[in-house]
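*Asks:* My questions will all concern the structure given below.
The values are calculated or read from the model by the stated rules, or taken from the named source; none is laboratory data. Bear in mind that the values here come from a model prediction, so they are computed numbers and not experimental data. Neighbour counts run over all protein chains shown; Cβ positions are idealised from the backbone, glycine included. The accessibility values were calculated without ligands, DNA or RNA, using every heavy atom of the protein model including side chains. Shrake-Rupley method; radii C 1.70, N 1.55, O 1.52, S 1.80 Å.
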Amino acid sequence: MSNSLLADWDGPFALPPFDAIRDADFAPAFEAALAEGRAAVAAIADNPEVPDFANTIAALELADGLLDRVAGVFFNLSGSDSNPAREALSRDLAPVLSAYASEITANRALFARIEDLWARRDALALTPEQARVLMLYRRMFIRAGAQLDDAASERMKAIKGRLASLGTQFTQNLLADERDWFMVLDDLTGLPDFLIASAASAATERGKAGHVITLNRSLIVPFLQYSPRRDLRQRAYEAWVARGAGGGATDNRAIAAETLALRSERAALLGYPSFAAYKLETEMARNPQAVRGLLMRVWEPARRKAEADAQAMAALLQADGHAGPLQPWDWRFYSEKRRRALHDFDEAALKPYLSLDAMIAAAFDVANRLFGLEFRPLDTPLYHPDARAWEVTRNGRHMAVFIGDYFARSSKRSGAWCSAMRSQRKLGGEVRPIVVNVCNFAKGDPALLSWDDARTLFHEFGHALHQMLSDVTHGFISGTSVARDFVELPSQLYEHWLEVPEVIERHARHWQTNEAMPDVLREKLKAASTWDQGFSTVEFIASAMVDLAFHEGPPPADPMQKQAELLEEIGMPQAIRMRHATPHFAHVFSGDGYASGYYSYMWSEVMDADAFAAFTEAGDPFDPETAAKLERYILSAGGSDEGEALYTAFRGRMPGVEALLEGRGLIES
């Protein structure tokens, strides 16, 4: 049989032929793609012609076309619909792909060509984008070890290969723990209808009768909010926070320790005092001191707010006849109870107005009003029955294919993310992106979202817009190829439109009656908009501080002890745990993308609060001139300039932290 991954994709929009792809196709496809890539890189390095941008940098951009295509499909499937064959191949591929990348950056002849171009850059008549791409390629090679001697280069290659394997194993261990645990519910007391329906759907998906609670966030969080059974809340919560720390084959604690040691050694080989110093050098923050300064500026008011809330909830706990202090598995239940008492607001009353289809339509409508994008459903084979696709156009021009994969399943890793199976570029011919949003919402008939779920949908769609509106020549800087603490700006900014009254009026309609959300419910939602921000801010900052501490100094022999010491040092409230404890901190240990960088969400939040204020100042959340500037300087620009320059071009200045504190309700009188 022919290998569909290696054939021409001549279907609509050159989409992958998902219905023809077999798991057995991937290994030979990767083998062929790596061989093709090696041959292309060798031809560039050995080219006898004088180096120029076209025969070196542009040629490198196009050298891995087949590999990018095969990997784009495989890694989307391995994250969103894993199976034993894909997991085994992921483990096999991790060191192989790492070694291939190391071969390229350690190729002395190739790096010599890049250095030659760099030395002559002022005489090459480069466009601003070409100059930026040349600088980024040179920086990438140097930070990968291109200037190391042979012995150090070999050690660097070994370190990166081992880190790739560890990250893959960490991810698969976490998925296994999440896939294997569930709790049968025999007592549905106090649970709202939507949660009962979701628990029944989860049971069906796992081949069980009745109702089950799994470790999917969209299921376990509402269970912790609504179940009056303290014993069941404790059982579910402790299983949730024990992911990756249960002992046995899926325990991630030793993986975390080895990962931190290898990252520290990697940074030392390159001459940096710590991995954090190495990693943050190219981010907007630049150094650990700036990160800590932001986090601690927000930590103290957030901690005080959380401690005050904890006291109030402890009184409710005791009124219910429970002795002892407020525990982490109590927090969401008593917070919800207190919110109902203070604001007469029950999130269960909100969900009928937040059907998944309505929120997708809302995200599309906002994109149409801001950027003129239109979305047409596609009837085409995809990789899973739950996934659906749309063609994205503007004024009749094809812009992208957007795929939404919204429901939780046991084969999907937890969380939500945006990826590109194919990125935008113009080099070598116009290429438009295939963009995927993956979420883990609980299934239902219909699927009804929480407010947090709806924000997640808008958040990931903001990332998708960053990909779909990208308008650069070089794929190396397209879409979300930006600093980690800048990449969350478009996603977090887009969340603001969910709260725009006319968006709620138009789209937040009852799934049965189509009636608009009542004004009184909207007012309650607005009044409770900063509810529990002490809790959510504390659990986030604690995770970010632990991440920074892990990477700023010598690697801890026992990361769990280091975690405990840091939390005690900063005064972590007893009834709150880190959002992501070390054994399941996938942002940090599944790869190094967010290592030393989990703070990025808050760094970007400083900008997103200020960026939306530009629309407020214009008097219209859909102001055409402001939207055009947002697209020009942020969403279409990719990594064509530094984040500070792009933001300043849009807003005229960089913001302060005050808008973030106000948005989280942490301004103290």
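*Asks:* Test G462 against the stated conditions and say whether it is part of a loop (DSSP other than H, G, I, E, B), in contact with a helix residue (DSSP H, G or I) (Cβ under 6 Å, 6 or more places away or on another chain), modelled with pLDDT of 95 or more and open to solvent by less than 10 Å² (accessible area, probe 1.4 Å).
*Replies:* No.
*Asks:* Confirm whether P352 is part of a loop (DSSP other than H, G, I, E, B) and open to solvent by 10 Å² or more (accessible area, probe 1.4 Å).
*Replies:* Judged against the criteria, P352 is not a match.
*Asks:* Taking into account only those residues within the stretch 161-185 that are of a type in the set (D, E) and either modelled with pLDDT of 95 or more or crowded, with 21+ Cβ neighbours inside 10 Å (or both), which is farthest from the chain's Cα centre (by Cα)? Spell out how you get there, then give the answer.
*Replies:* Filtering the stretch 161-185 down to residues of a type in the set (D, E) leaves 177-178, 180.
Right, trim to either modelled with pLDDT of 95 or more or crowded, with 21+ Cβ neighbours inside 10 Å (or both) and you get 177-178.
Numbers: D177: 20, E178: 18 Å.
Checked the stretch 161-185; the qualifying residue farthest from the chain's Cα centre (by Cα) is D177.
*Asks:* So which residues in the stretch 187-214 are in a helix (DSSP H, G or I) and either touching a Leu at 6+ places or on another chain (Cβ under 8 Å) or of a type in the set (G, A, S) (or both), if there are any at all?
*Replies:* F194, L195, I196, A197, S198, A199, A200, S201, A202, A203
*Asks:* Just checking, which of T214, T189, T127 is of a type in the set (S, T, Y) and closer than 30 Å to A249 by Cα?
*Replies:* Of T214, T189, T127, the one residue that is of a type in the set (S, T, Y) and closer than 30 Å to A249 by Cα is T214.
*Asks:* Within the stretch 521-569, take every residue that is small (G, A, S), open to solvent by 50 Å² or more (accessible area, probe 1.4 Å) and under 24 Å from G591 (Cα atoms) and give me the one that is farthest from the chain's Cα centre (by Cα).
*Replies:* Once the filter is applied, the top-ranked residue is A557.
*Asks:* What about A367, is it over 21 Å from L448 (Cα atoms), in contact with a strand residue (DSSP E or B) (Cβ under 9 Å, 6 or more places away or on another chain) and open to solvent by less than 20 Å² (accessible area, probe 1.4 Å)?
*Replies:* Judged against the criteria, A367 is a match.
*Asks:* Sticking with this structure for a sec: If I ask for residues that are in contact with a Phe, Trp or Tyr (Cβ under 8 Å, 6 or more places away or on another chain) and either touching a residue at least 40 places away in the same chain (Cβ under 8 Å) or among the charged types (D, E, K, R) (or both), which ones from the stretch 315-336 would you list?
*Replies:* Within the stretch 315-336, L326, P328, W329, W331, F333, S335, E336 qualify.
*Asks:* For the stretch 131-146, enumerate the residues that are β-branched (V, I, T) and surrounded by fewer than 19 Cβ atoms within 10 Å (Cβ to Cβ).
*Replies:* Within the stretch 131-146, just I142 meets the criteria.
*Asks:* Which of the residues belonging to the stretch 310-349 are charged (D, E, K, R) and either open to solvent by 20 Å² or more (accessible area, probe 1.4 Å) or more than 20 Å from Q234 (Cα to Cα) (or both)?
*Replies:* First, pick out the residues of the stretch 310-349 that are charged (D, E, K, R): 320, 330, 332, 336-340, 344, 346-347.
D320, R332, K337, R338, R339, R340, D344, D346, E347 - these are the residues of the stretch 310-349 that are charged (D, E, K, R) and either open to solvent by 20 Å² or more (accessible area, probe 1.4 Å) or more than 20 Å from Q234 (Cα to Cα) (or both).
*Asks:* Output the strands (runs of 3 or more DSSP E) that fall wholly within the stretch 365-453 and possess 3 or more residues being under 17 Å from V73 (Cβ atoms) and not hydroxyl-bearing (S, T, Y), or say none.
*Replies:* 397-407, 417-422, 434-441
*Asks:* Where in the stretch 223-286 are there helices (runs of 4 or more DSSP H), lying wholly inside it, with at least 1 residues that are surrounded by fewer than 16 Cβ atoms within 10 Å (Cβ to Cβ) and out of contact with any strand residue (DSSP E or B) (no Cβ under 8 Å at 6 or more places or on another chain)?
*Replies:* The helices (runs of 4 or more DSSP H) meeting that bar are 230-241, 253-269.
*Asks:* Only one of these conditions is not met by E644: (1) among the charged types (D, E, K, R); (2) touching a residue at least 40 places away in the same chain (Cβ under 8 Å); (3) in contact with a helix residue (DSSP H, G or I) (Cβ under 7 Å, 6 or more places away or on another chain). Which number is it?
*Replies:* (3)
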